[in-house]
Structures are given as C-alpha cells and as structure tokens.
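A short worksheet on the structure shown next.
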Amino acid sequence: MVAAVQRKLGVALVGLSGYARGLLAPALQLTQHCKLAGLVSGSREKAAAWQREYAIPDRNVYTYDDFERIAENDDIDVAYIVLPTSLHAEYAIRAAKAGKHVWCEKPMAMDSAEAQSMIDACNANKVRLSIGYRLLHDPLMQQVAAWAREQPYGKPLRLSAEAGYDGFHGVPGDDWRLDPARGGNPLYDMGVYAINAARHASGMEPVAVSARAEVARPEVFRGMEETMRLALEFPDGLVAHCVTSVGEAMNRLRVECERGWYELSPYQFYDSNRGITSDGIVLDATLGAKPRMQAQQMDDDALAILGGAPSLAPGEEGLRDMRVIDAAFASAKAGGARVEITRG
C-alpha cells in the first residue's frame, strides 16, 4: 500500500527583507513540507520582481494595507513575519485574526507584553505560533541541550555565550537596526542568541540579570547601545556571562563543568558551526550549506502543524527570552543593578 502524499503548507513571507530574499525564499525551495506561496510587501516593484522569480500569482500578493484579505486565500496556511521587530506583534496578531498560522522572526517582540499579546491572539484564533530560533533546529545546539540534561561532564560550573558582529561604520544610513524605535539594539539583534544559548546550555531558566551597556562610537550608534554585557543568575548558583554587540565580532558558547568542558565556536553562523570537548570529541555541522538550517527550521515547524506536535520554538520560548531582555534593559538603565526576571 502506497502512503498518501502529505500536502505542503503554503507560506507567505510578510516583508521582503534581505533575510527573506537571501535565506528564507531560497530555503523554501529546499523544504519538503512547505513552499513559498505568497508575498506581502509595501513595494509593488519589489513584489513584481519576486513574482517573476518564484512564479507567485497575483491573487497571492498583498500589501500591508490589504493584508487581511489573506484570510480568503486557501493557498496560504502560514504567515512568516520578517519585518522590523517593532512590527512583529502587529502583523502576527493580524495574521492570527485572519486564521493563518504564524511564524515570526526573532526577537519575538519589543517586550514581554507584546510577546504575550501574540500568544494570546494565536490561542484565541486557534492557530500555531513558532519563533524563528533556527539554532534550536541545529544538531549542535541540540547536543549541548542534551548534555545539560544528562551531564556527562558533570554539573556546569561556568558558562559564557558571546554573539556579535561589526557591521556599522561611518555615518549611519537608513538601516532600521540603528533605530531603537524599530528594534535597533544589540540585545534584540544578537543578544537573543546568547540568552537563548545560555538557557539551553544550562538547562535552566535564569532568575535574575545584571546588565551594562557600552557605546564606543556614539556618532554611529545614536541613542542606542553598541555592546551589552549580561550576567544571568540561575537557581543553582550558576552565572552565565553573556556579551552581545553590533560593533564587535564574537561567536562562542562555552560550558565548563566538574569533569571537563565543551565549546562551540562558532555556534550561530548560518552554516559551518563547529565545536570540541575536553576529551577530544569534534562537533561539526551536519545540516549542510546555507540555507539548509532555515529549511530545516521551516520543515520542522511545518511538520509540527501537520502532525499536531509541539513546536521546537513556540511562542512561549520567545516570551521567556523577552522576559530576560526586559530585565536586562531595566538593569542597564539602573547602572547594572541586579533585576529579578518576571516568571509566568
């Protein structure tokens, strides 16, 4: 007996950004359980170019003004929000009210209140919400999370997570990542990698944070931080030292335990992540060249919807990181004072 062919979920990309063009759209050509079915853009010219490249019919192309019409389109099952962070909550909620499942890029929102509103809207409209934590779909990060549970090297004693890049020079241009009102901040941009990695590498949820902000080039980073340093306190006394920056390249996760250590460096590239342990085990990427990681992420999320299984990165996962970020901003504003993290 031949097994029935499972249909592919139709995905509409909401926001035709550089990430959508360079990684998500190509990844959707590699997926087995979903496909690029729709486009949402404020630029008719950009949308038309995408239509020609990916053979998207006119009926599956929307503007931000008529986005709600997506509710009438059975070709589209999922709206993937790839907009500036300040717009995530608005469009996730609009998609949920239109009856579409929601995938949303990280960071989930501007704060935990927005994140909760997204979860509530998806629950109320009986649609699924997943956050684009691609690293949770990476076998290397999954191995680190497994070691946190199984502790083959003993209890973690020291943990550090660094995530940053040096991407802005000279007079700032019109890049939303340099605009705090739209979500420009290293804690949003790269800090979620460090925070999320620390949580999964420890196997625990942090209870408090102390944070300090640094700005080496105020002429570039106007009104926003360039680098942030966080100390995350966990219930058993472990402290994770996290650094995130948009002015300095850094890419390492290290866990030192009672009977050895393990390290991923780099750990958050789109491909070619790798690591090593104190007893010589070499950890290497297995997903393949980019955009294989994004394809794996979307296939996993599609299978969760099709099979009714839990998502690897549901909205609650993003909410937990947003609670840490809220506390970190409060700490930095108070000059590095210890701030307890709100728990749900």
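We did not get these values from a lab; they are worked out from the coordinates using the rules stated. Quick caveat: nothing in here was measured; it's all calculated off a predicted structure. Reconstructed Cβ throughout: ideal geometry from the backbone, glycine too, with neighbour counts over all protein chains shown.
A dipole drawn for the chain from +1 and -1 charges on Cβ atoms has a positive end, and of HIS200, SER43, ASN60 the residue lying farthest that way is ASN60.
Remark: LEU136, LEU24, LEU159 ranked as LEU136, LEU159, LEU24, counting other beta-carbon atoms within 10 Å and listing the fewest first. Within the listed set ALA113, ALA295, ALA211, the Gaussian network model of the chain (springs between alpha-carbon atoms below 10 Å) gives the highest mean-square fluctuation for ALA113. Over all other residues within a Cβ to Cβ distance under 12 Å of TYR19, the charged ones net out to +3, with Lys and Arg as +1 and Asp and Glu as -1. Note: relative contact order over the range 150-221, using C-alpha pairs below 8 Å and six or more positions apart, is 37 percent.
For the range 178-256, the Cβ-based charge dipole about the Cα centre amounts to some 80 debye (Lys, Arg positive; Asp, Glu negative; other atoms uncharged).
In the chain, the DSSP beta bridges split such that about 60 percent are antiparallel, to the nearest 5.
Between the range 117-145 and the range 93-114, how many Å separate their Cα centres? First find each Cα centre; the distance between them is then 11 Å.
For the range 1-68, the list of trypsin sites (Lys or Arg not before Pro) that fall in a loop by DSSP and count at most 12 other C-beta atoms within 10 angstrom reads ARG7.
FRET efficiency for the ASP74 to GLN51 pair, using the beta carbon distance and R₀ = 25 Å, is estimated at 0.85. Per-residue Karplus couplings for the range 111-124, computed as 6.51 cos²θ - 1.76 cosθ + 1.60 with θ equal to phi - 60°, are listed in order as 7, 5, 5, 4, 4, 5, 5, 5, 4, 4, 5, 5, 5, 5 Hz, Gly and Pro entered as x. Model label sites at LEU157 and LYS333, defined 7 Å from Cα along the beta-carbon direction, differ in position by 3.8 nm.
Charge dipole of the chain (Cα centre as origin; +1 on each Lys and Arg Cβ, -1 on each Asp and Glu Cβ, all else neutral): 320 debye, rounded to the nearest 20. Provide the FRET efficiency to the nearest 0.05 for the LYS126-ASP66 pair, computing r from the beta carbons and using R0 = 22 Å. E(calc), rounded to 0.05, equals 0.40. Take every pair of alpha-carbon atoms less than 8 Å apart whose residues are at least six positions apart; their mean separation over the length of the chain yields a relative contact order of 18 percent.
By DSSP, the beta bridges lying fully in the range 9-131 are antiparallel in about 0 percent of cases.
Estimated purely from DSSP H runs of n ≥ 4, each contributing -39500 (n - 2.57), the mean residue ellipticity at 222 nm for the chain is -8500 deg cm²/dmol once divided by its residues. Near LEU238, once Lys and Arg are set to +1 and Asp and Glu to -1 for all other residues with Cβ below 11 Å from its Cβ, the sum equals -1. Looking at this model, which pairs from LYS8/LYS100; LYS46/LYS97; LYS97/LYS126; LYS35/LYS100; LYS35/LYS290; LYS106/LYS126 are more than 20 angstrom apart at the alpha-carbon? Over 20 Å Cα-Cα: LYS46/LYS97; LYS106/LYS126. Over what distance in Å are the Cα centres of the range 232-306 and the range 16-72 separated? The range 232-306 and the range 16-72 have Cα centres separated by 30 Å. Each residue of the range 335-344 is assigned a 3J(HN,Hα), and the resulting list reads x, x, 5, 5, 10, 6, 8, 4, 10, x Hz, derived from the Karplus form 6.51 cos²θ - 1.76 cosθ + 1.60 (θ = phi - 60°), x at Gly and Pro.
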